[in-house]
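Notes follow the structure.
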Amino acid sequence: MIGSQIILSMKVIGLAFDISNNTEELPSVFEYLGYVYCVGTVIFGPWISYRDYLVVFKQEKSKFSLWWLFKCVKSSVIGLLCMTFSTCLSNWLILDGNSKWLLAYRDAQSFRFSHYFVSYISEASATLAGFGLTYHGTDVRWDLSTSKPYHIEIPRSIVEVVTNWNLPMHFWLKTCKYKIDSTCHEMLCHEMLSLSLLYVVLLLKINETL
């Protein structure tokens, strides 16, 4: 539930910034509701921009090929494997009688793989809805990616972990938080206010669950 609220807040804030920067026009009520409650991203995510949402409606139906189906099945299977490892296999591989450091590693690994489960399921649901289509020359690929476990499990630096933990979130923070026009004080105030309100809401929701 909290994850859905986070995605909803990110969509609203991202769209507000796009409108204020004159990169997008003010959508109608139905366009706005269709974007924030998009069936492919409303539950598991990932965050998508309003421009990417509009692109889906301009795609040719012929682009939904076997590669699209393969991407959906692949992400779903990997997600289920990550969930199985997080809930079952990790407790079998490292039993409760081991040292506290191994138990801490087991718990951290279980948490990471539960995150990978959500990431891959979000890839599958978003791809099913038509997101993630890219063109590489004459090739058409479905390569939506929300997380890169290899770069998290075997990172070269902590920056690589932070960047690849949630790629859409990283892009959203880079465009809506850190890419600030220093000459526009009004934009800075709006950014700080909107993000502060988002963090307050998230903290209140987290406290309710504790």
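The values are calculated or read from the model by the stated rules, or taken from the named source; none is laboratory data. All of these numbers come straight from a predicted model, not from anything done at the bench. We place every Cβ from the backbone using ideal geometry, glycine too, and count neighbours over all the protein chains shown.
Any chance segment 138-155 includes a residue that's exposed (fewer than 13 other Cβ atoms within 10 Å of the Cβ), closer than 26 Å to Y50 by Cα, free of Cβ contacts under 8 Å to residues at least 40 places away in the same chain and out of contact with any strand residue (DSSP E or B) (no Cβ under 7 Å at 6 or more places or on another chain)?
There is at least one residue in segment 138-155 that is exposed (fewer than 13 other Cβ atoms within 10 Å of the Cβ), closer than 26 Å to Y50 by Cα, free of Cβ contacts under 8 Å to residues at least 40 places away in the same chain and out of contact with any strand residue (DSSP E or B) (no Cβ under 7 Å at 6 or more places or on another chain).
What is the residue count in segment 11-62 for residues that are small (G, A, S) and touching a Phe, Trp or Tyr at 6+ places or on another chain (Cβ under 7 Å)?
At the first step, the residues of segment 11-62 found to be small (G, A, S) are 14, 16, 20, 28, 34, 40, 45, 49, 62.
The next check asks that each one be touching a Phe, Trp or Tyr at 6+ places or on another chain (Cβ under 7 Å); those that pass are 14, 40.
Looking only at that region, the number is 2.
Before we move on, is C88 more than 21 Å from the chain's Cα centre (by Cα) and outside the structural domain of L8 (by TED's automatic domain parsing)?
yes
For the list (1) of a type in the set (K, R); (2) farther than 20 Å from V55 by Cβ; (3) surrounded by fewer than 16 Cβ atoms within 10 Å (Cβ to Cβ), I need the number of the one condition that R106 fails.
R106 satisfies every listed condition except (3).
Cβ-Cβ below 7 Å, separation at least six or inter-chain, first residue in segment 64-79 and farther than 14 Å from F131 by Cα and assigned by TED's automatic domain parsing to the domain that holds F131, second in a helix (DSSP H, G or I) and among the charged types (D, E, K, R): which pairs?
none
Only one of G97, G45 is buried (at least 17 other Cβ atoms within 10 Å of the Cβ) and modelled with pLDDT under 90; which?
Of the residues listed, the single one that is buried (at least 17 other Cβ atoms within 10 Å of the Cβ) and modelled with pLDDT under 90 is G45.
Please go through (1) surrounded by fewer than 17 Cβ atoms within 10 Å (Cβ to Cβ); (2) at negative phi for N22 and return the number of the only condition it doesn't satisfy.
Every listed condition holds for N22 apart from (2).
Tell me which residues, restricted to segment 77-109, are β-branched (V, I, T) and either out of contact with any helix residue (DSSP H, G or I) (no Cβ under 8 Å at 6 or more places or on another chain) or over 26 Å from S125 (Cβ atoms) (or both).
V77, T84, I94, listed by residue number.
How many residues does segment 109-125 contain that are closer than 24 Å to Y50 by Cβ and touching a Phe, Trp or Tyr at 6+ places or on another chain (Cβ under 8 Å)?
Going through segment 109-125, the residues closer than 24 Å to Y50 by Cβ turn out to be 118-119, 121-125.
When the remaining residues are screened for being touching a Phe, Trp or Tyr at 6+ places or on another chain (Cβ under 8 Å), the result is 118, 121-122, 125.
Selection size over segment 109-125: 4.
Being part of a helix (DSSP H, G or I) and within 27 Å of T127 (Cβ to Cβ) is the filter here; which residues of segment 17-38 pass it?
Hits for segment 17-38 are F17, D18, F30, E31, Y32, L33, G34, Y35, V36.
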